[in-house]
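The values are calculated or read from the model by the stated rules, or taken from the named source; none is laboratory data. Remember, predicted model here, so these are calculated numbers, not experimental data. Here Cβ is always computed from backbone atoms with ideal geometry, including for glycine, and neighbour counts include all displayed protein chains. These accessible areas exclude ligands, DNA and RNA; they are computed on the full protein's heavy atoms, side chains included. Shrake-Rupley method; radii C 1.70, N 1.55, O 1.52, S 1.80 Å.
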Amino acid sequence: MKRSPNPLEEICLDKISDNIRMYINFLHMPDTQRSEASKCQCVFKDPNIFLIQRMSEKLMSKLHEKRFLTNSTLSLFSEQNTKLKRVKLEDITVDKEGMMFLKNHKITDLECINIKTISIVDIIDCLDSWSVQNLISANFTKCSFMDSFNYCYMVKILAFKNLRSLSLAYTELNQFCFKRICTDLKLLERLDLSGTYITCLEPLRNLQHQLKYLSLADLPHVNNLVPVVRDTYKLKHLDVSLFNKKLDELNIEAGQSQVAQLLEFKDDMPGLVSLDISGWKDHISKDLLYNFMLTHPKLEYLGIVFSDLMFEPAFCETQYFQYPRHVVIGGLGNKDQIAVTLQRYKNRASYIQKALYHLFQITNRASPEPCPEMFELVLPVMAHHPLVFGVQMAATACLYNLTKGELSKNIHPNLLSKGINLTLNAMTNFPKEYQLQKNSLLTLYNDRILLEVNFDRSKCAVLVLDALCKFSDDNVSRMAAAICSILASKITSKETSQLGSKVKYMSKLLEMVANRVKNEMSDITLKFTLSALWNLTDDSPDWCTVFVIKKGVLLFLKVLEKFKNDSTIEPKVLGLLNNIAEVTELRKYLMLDELMEQLYFLLKSENIDVSYFAAGIVANLASDGEEPWIATSHGREEMLAEMEDAIIQWEVPQSEMVAYRSFKPFIPLLAVNMDYRVQLWALWAIHHVCTKIPKRYCSMLKEEGGDVLLSILLKKPDVHEVIRVIAGKIMDTLENTQII
C-alpha cells in the first residue's frame, strides 16, 4: 500500500489511449491499389499537434499495450505530428502499407517481434536511407524472411552497416546468411541466434574481438560451441538455454556434454556477467558449476530453470554456507528464483507456467504471508500469454493465493485493478474450464476487491453469471451468488437491465432458490442468491418482468412460508417484491390472497426491516386506487390502516436500513391527491435515508425534483398533519445540508 500513485503523465497517456477516437479522424483513402486493411488512415483532429520524441514513443507504447495499434492507427505517427527514434512492435497485425510510417522517422532502434503478416525484407524496405545507414539495434525475433511469394532475400539485413545489436531468433536464418552477417556487420556486439537453422558457429570468430552478448538458446546440436565461445574473450552475456517444447523429444546428450565442457574451462570468458544454462537437466554437476562461478567473480546472473541444480542447497538456500550471495539466480527452487524467472523469461511460456505453479505451491499455506511484490510480477506474464491455458490457469490460482482474506489490503488498488481485469480476460478466453473459472471466482469473492477496486463490473457480472449457469457446483454457486449480490448494487440500472435480457440468469437463480425451499435449506447460498435477486431487480423493470414470467412471485411466497420469522431471509424476499410493486404493469401479479395474508402478518413484525418492506409493497399496490385492488382476503382500506399503525410505531434505526439508486419510484406516491397513508410511507423512507446520509440523498432528492413535490404538499391547505410534519423535517434537512 506504500506504492506511490501513478504519475500524472502515465494517467494522461492512459486516458488518451483509452479514448483515442476522441482525438483522431479516420480518412478513407481512394487508392484502389491499397490493401483493404490500409484504405483507412488516422490523423489527429488538431493538425498542428506535435509530440516530442519521448512522448511519441510513450504514446506508441501505450497504444501497443492496449492493443490499439493497427494499420490505421500507425499512420498517426507522421513526421508532421511525431518524432520517433525507437520503435517496438510485437504481435500485431500490420502490412507493408501500415509499416510505411517508418519512412517518416530517423530510426536507431527497431524491434519487430512475432509479426507474421509482413516479412523482415518488407520491414527493411519501409525504412528510409538514413535509418538503414544508422540503425544501431534491430530485433526481428519470431518474424520471417519469407514474403507473400515465398521469396527469401536474407542478405538485405547486411545493409545495416552500423548495427551493434541484432536478433534473428526463431527466424529462417541459415548458415550462408549467418556467415555473411559475421563478415559484413563488423560492429556487432550483441547477437541472438536462438532457434535458427545455423549448424556451425565458426563464422563467429570474425566477431570474437568485440562480441559481448551471445544467445544460442534452443541450438542443442550446434557445432564448435566450446572452442568458438572460449575464444570470444570479451563475452559478458552467454545464453545456451533450452525451452522449446519440441526439443524434449530430441536426443540432446551431445549438446548437454558441450555445455558441461564449457564449464570446465576456468580461465575463459573472464568478464562473464551473465550465464544461462536453463533447460539442461542432467550431466552438469553442482561442483562443476560452483567451481565455474568461483573462477568467474564478475558473474552477476545465473539461469538454471528446469535444471536439477536449482534445488541444490548451494543455489536455493540463502543460509547455506556456499550460497553465492552476489549472484542473482533464475530458477524454481525458492521464491527469489521464481521472482527472477517471472521477470527475465516473460516470453517463455513453459518457464512461466512452471514458475507460477511453484509460486502457487509456496503461497498455498494456511497462514500465508503478504507478497505484494509477487502479485505485481504475475500481472505482466499473465498479460503476455492471454491465450496460453497453462499460464492463465496457474496465474489465476496465484492471484487468489496472493489476495485471499486480508492479503488484498497489502496490494495497491491500481495493481488490484489490473489483476482483476486480467482475471476477467482469462474467464472470457476460457469459459469452459471449470478450475480456471473457480480460481477466478475465488479471487473475486473478496469484499475489498468488489467494493473498492476499479474494474469493469458489468463485464464481471456477465462472466460470473455465465459461470453460475455453466457449472453445477455448490462452491461455484455460493461464490457466484455472493459476487452478484454486490456487483448488482454497483452497476448502473442500464447495465442491470442488459443482464435481465438473458432469461437463463434469472432461471438459474430461481432454480437455486427452489432447490433450497424444497430441501428446507436456509444456507448462506440461499441468502446470497436472494440478495443477488433483490439487487438485480432494483430499478430494473426488465429483471422484474422476467422474475414474474418465471413464476418468481409464487416461489417467494413459498420462501416466506418455509422460513417464517427468519430475519436474514424475510427482508430480502420483501425487498425484491417491493421492487416488483414499483413497476405499475406488474402490480396485478402481486394481487394474491396468499401474499396479502403474509403482508398483513409481516406488517406487525418487530423487525423494522421486515415491516418496512411489507409496508412498501402495500403502499405501491394501494397507490393505484380501489379498483385494481382485487385481493379479497384483506381489503385495501384494511391494509392501509394496518400499515399506518405500523409506521407510527417504527423507531428510527441507528444506521441506514436501505440504499436507493433513485427516488423516482417515490414520486408517484407523493402526488397531492394520493392517500395520505401511501404518502406517509414514502416520506418516512425519504426522511430516513436523508438523515442518515444527507450529502448523497439530499442532493439526489433535489436533482430529481423531490423538493418541489414536498413544497407543493406543504402548501396544500388540507394536507394531513403527519404529512406536514415529516415533509417539513425533510425540507429542514435539505436546508441544513446546504442543498437549497
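When region 176-197 is filtered for residues that are open to solvent by less than 10 Å² (accessible area, probe 1.4 Å) and outside any helix (DSSP H, G or I), the ones remaining, listed by number, are LEU185, LEU188, LEU191, LEU193, SER194. In region 54-87, the qualifying residues are those that are outside any helix (DSSP H, G or I) and in contact (Cβ under 8 Å) with a residue 40 or more places away in the chain, and the one that is surrounded by the fewest Cβ atoms within 10 Å (Cβ to Cβ) is LYS66.
One residue stands out among those in region 510-532 that are aliphatic (A, V, I, L, M) and free of Cβ contacts under 8 Å to residues at least 40 places away in the same chain: the one that is farthest from ASP474 (Cα to Cα), which is MET521. The number of residues in region 621-644 that are among the hydrophobic types (A, V, I, L, M, F, W, C) and assigned to a loop (DSSP other than H, G, I, E, B) comes to 3.
Can we say ALA467 is touching a Pro at 6+ places or on another chain (Cβ under 9 Å), aliphatic (A, V, I, L, M) and within 21 Å of ASP18 (Cα to Cα)? No, not satisfied. Scanning region 212-231 for residues that are assigned to a loop (DSSP other than H, G, I, E, B) and under 17 Å from PHE265 (Cβ atoms) turns up LEU216, ASN224. The numbered conditions (1) of a type outside the set (Val, Ile, Thr); (2) out of contact with any Asp or Glu (no Cβ under 9 Å at 6 or more places or on another chain); (3) at pLDDT 90 or above are all true for LEU242 except (2).
Looking at ASN454, is it touching a residue at least 24 places away in the same chain (Cβ under 8 Å), in contact with an Asp or Glu (Cβ under 9 Å, 6 or more places away or on another chain) and open to solvent by 10 Å² or more (accessible area, probe 1.4 Å)? Criteria not met by ASN454.
Apart from one condition, TYR151 fits all of (1) surrounded by 16 or more Cβ atoms within 10 Å (Cβ to Cβ); (2) modelled with pLDDT under 95; the exception is (1).
Contact map, region 424-439: residues that are over 19 Å from LEU402 (Cβ atoms) and open to solvent by less than 60 Å² (accessible area, probe 1.4 Å) paired with residues that are assigned to a helix (DSSP H, G or I) and among the aromatic types (Phe, Trp, Tyr), Cβ distance under 7 Å, separation 6+ or inter-chain. Pairs shown: PHE430/PHE389. Can we say SER194 is among the hydroxyl-bearing types (Ser, Thr, Tyr) and touching an Asp or Glu at 6+ places or on another chain (Cβ under 6 Å)? For SER194, the condition - among the hydroxyl-bearing types (Ser, Thr, Tyr) and touching an Asp or Glu at 6+ places or on another chain (Cβ under 6 Å) - is met.
You will find that of LYS432, LYS438, the residue that is outside any helix (DSSP H, G or I), at pLDDT 95 or above, more than 15 Å from the chain's Cα centre (by Cα) and under 30 Å from GLY500 (Cβ atoms) is LYS432 and no other. Residue count for region 720-740 under the criterion of being outside any loop (DSSP other than H, G, I, E, B), open to solvent by 20 Å² or more (accessible area, probe 1.4 Å) and in contact (Cβ under 8 Å) with a residue 40 or more places away in the chain: the result is 5.
Collect the residues in region 307-319 that are open to solvent by less than 60 Å² (accessible area, probe 1.4 Å) and part of a loop (DSSP other than H, G, I, E, B), keeping them in residue-number order. Correct list: SER307, THR318. Being at pLDDT 95 or above, of a type in the set (A, V, I, L, M) and under 36 Å from the mean Cα position of the chain (by Cα) holds for only one residue in VAL553, VAL548, and it is VAL548.
This table checks each residue for (1) touching a residue at least 12 places away in the same chain (Cβ under 8 Å); (2) over 22 Å from MET591 (Cβ atoms); (3) of a type in the set (Asp, Glu).
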residue	(1), (2), (3)
TRP534	yes, no, no
ASP542	yes, no, yes
PHE547	yes, no, no
GLY552	yes, no, no
PHE556	yes, no, no
LEU560	yes, no, no
SER567	yes, yes, no
VAL573	yes, no, no
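Residues that are over 13 Å from LYS156 (Cβ atoms) and assigned to a helix (DSSP H, G or I) were ranked within region 112-133; the one that is most open to solvent (accessible area, probe 1.4 Å) is GLN133. Put simply, of GLU651, GLU638, GLU644, GLU656 the only residue that is farther than 20 Å from GLU585 by Cβ and either of a type in the set (Ser, Thr, Tyr) or surrounded by 15 or more Cβ atoms within 10 Å (Cβ to Cβ) (or both) is GLU644.
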